[in-house]
Amino acid sequence: MMLAMAGCVCAQPPAQQPDGSQAAPQGQPSGGPPQGPPPGPPPGHGGRPHMRGPMGGPEGRWWVNPAVVQKIGLTADQQKQIDALFQKHRLKLIDASAVVEREEAVLEPLLEADRPDEAKVLAQIDRVAQARAELEKANARMLLGFRTVLTVDQWKKLQADRPGPPPDRPR
């Protein structure tokens, strides 16, 4: 579950229309076949896969999605507070994500060697694990801040959108 937390903030959803639907990528008409190479991730969001948020159901910038805003009764003030928290933590998350990618890039050739040096591989695995832990902690701090902005009722409504058992139930 913690790895899902790390990815949820670094990745952003495709551009959304005011009604909450996803916009077609640039150069691609809605509903038509792709034209040219698929677009990459938005600038500054890394290439991480898009995941559901572990602490609140919807992914990405859910607090600006009109359907989510209406469903949980999010006020304009709460949206501003959550967006301010996101902006406050964003650069730290981008930097932490870059460290994870860099450490993984160092590990890859070590593993692909004909005769991997076990000591070097294990030491690099430790660096990757530490980088991931720092990313997860940074993300968790931001998500905890989000939670403090929401009422208990809003939190429960947001959790209801989350697939799987609630976090307080054993899996």
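Computed values, structure above
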item	result
Formal net charge of residues neighbouring Leu85 (Cβ-Cβ distance under 11 Å; K, R +1; D, E -1)	+4
For segment 78-124, the spread of Cα positions along each principal axis, largest first, Å	55, 14, 12
Formal net charge of residues neighbouring Ile72 (Cβ-Cβ distance under 12 Å; K, R +1; D, E -1)	+1
Which listed pairs, of Lys137/Lys157; Lys92/Lys120; Lys92/Lys156; Lys80/Lys156, have C-alpha distances above 22 Å, in listed order	Lys137/Lys157; Lys92/Lys120; Lys92/Lys156
If the convex hull is drawn through the Cα atoms of segment 75-155, its volume per residue in Å³	89
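Throughout, read-outs are computed from the coordinates displayed, never taken from laboratory work. Bear in mind that the values here come from a model prediction, so they are computed numbers and not experimental data. In this analysis, Cβ positions are derived from the backbone assuming ideal geometry, glycine residues included, and neighbour counts consider all displayed protein chains.
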